[in-house]
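See structure below.
Bear in mind that the values in this text are calculations on the coordinates, not laboratory data. Treat the numbers as computed from the prediction; the structure is a model and nothing was measured. All Cβ positions, even for glycine, are placed from backbone atoms using ideal geometry, and neighbour counts span all protein chains on display.
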Amino acid sequence: MQKSRRENRRIFTGGLLFLSTLVILLTAIFANQDQIKIAANIPNCQGQILSAETENKESNNQEKKKINEYQVPILMYHYIRDYDNHDDRIGINLSVSPEIFAKQLEWLRDNNYQTINLDDIIDMRSFDSTQDQNHKFVILTFDDGYIDAFANAFPTLKKYRFSGTFYITSDFIGHENYLSWGMIKRMNKSGMKFGGHTMTHPDLTNLDDEQLSREIVDNKMIIENQIEKPITDFCYPSGQYNDRIMNKLKEVGYKTATTTHHGITNQNSDKFQLPRIRMTNNTKLEQVLK
């Protein structure tokens, strides 16, 4: 009888062990299957997320309207100074007083103009017209590199949060009434742009190939070495140029060149014959930019 009880207990205990082992195994199997299902679903989830992101991006791109047609006035300044020597009519015509210059920038700001750079007009499609529809674009240029560019133009540009492009005649830098390299570097660090304007401001159409190379190539290298960045914008001294000069500019890496022709740049303008609007004390922006 006792032997029979011991055998029954042994059988009962063995059954419990068997059932416990079976439960553990089944739990492990089902857990593993759940992990496999989860892992199998991950790519689908990622695909859904990526698909949603792609659809959103495509939707945003469809909402953006790129600028295919535009008009961008390029304003041409020389001196920003008070000047009343009536024996020097050229000097007077090239001068805008600091007070009037400030009023001109104030008018641009109040009429929703924002400054862009010359390299921006190479591809105006980089602008989003849905974002910039309340703004009009303008480019401010300053020829020759006079010292009042630093003393008078630069602080006013910063005040109105505008940028400008300053064309440098490199042999004149550091001379009386001209910018120094230190001034140019300070302006460059504050976001002003610089362009080439030859070494000595000659009529380029009268130069031989060697002279032309010096005036254009050396000028570009000197400015780039000083500001430690490439320059791609050029201004023809006294507005004199021809096909030979334009080809030389393209050969050395320039992308734009401004003239003294009157007009407003648009999508059809030749990037090496860009027109400008000459600024004087008597220029009424509300008339020339209407």
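General observations
- Ordering Arg186, Arg81 from the fewest to the most neighbouring beta carbons within 10 Å gives Arg186, Arg81.
- Given Lys158/Lys189; Lys103/Lys159; Lys193/Lys255; Lys159/Lys185; Lys185/Lys284, the pairs whose alpha carbons are separated by over 22 Å: Lys185/Lys284
- Environment charge at Asp143 (Cβ cut-off 11 Å; Lys +1, Arg +1, Asp -1, Glu -1): +1
- Where a label projected 7 Å from the Cα of Ile90 along Cα→Cβ would reach, residues of the range 191-216 with amide N under 14 Å: 201-203
- In terms of packing, defined here as the mean over residues of other Cβ atoms within 10 angstrom, the peptides 108-120, 242-254, 166-178 line up highest first as 166-178, 108-120, 242-254.
- Distant-in-sequence amide contacts of Gly195, defined by a placed amide H-H separation under 5 Å and a gap of 5 or more residues or a different chain, comprise Phe166, Tyr167, Ile168.
- Length gained when the stretch Lys185-Thr200 is fully extended (0.36 nm per residue, less Cα-Cα span): 3.3 nm
- Highest average packing first - 262-269, 229-236, 207-214, Cβ atoms within 10 Å: 229-236, 262-269, 207-214
- Dipole of the range 71-288 [Lys/Arg +1, Asp/Glu -1 at C-beta], most positive-end residue of Gly253, Gly196, Gln104: Gln104
- Modelled this way, with points 7 Å down the Cα-to-C-beta line, the labels at Lys229 and Gln211 are 3.4 nm from one another.
- Along principal axes, Cα extents of the range 71-288, largest first, whole Å: 48, 44, 31
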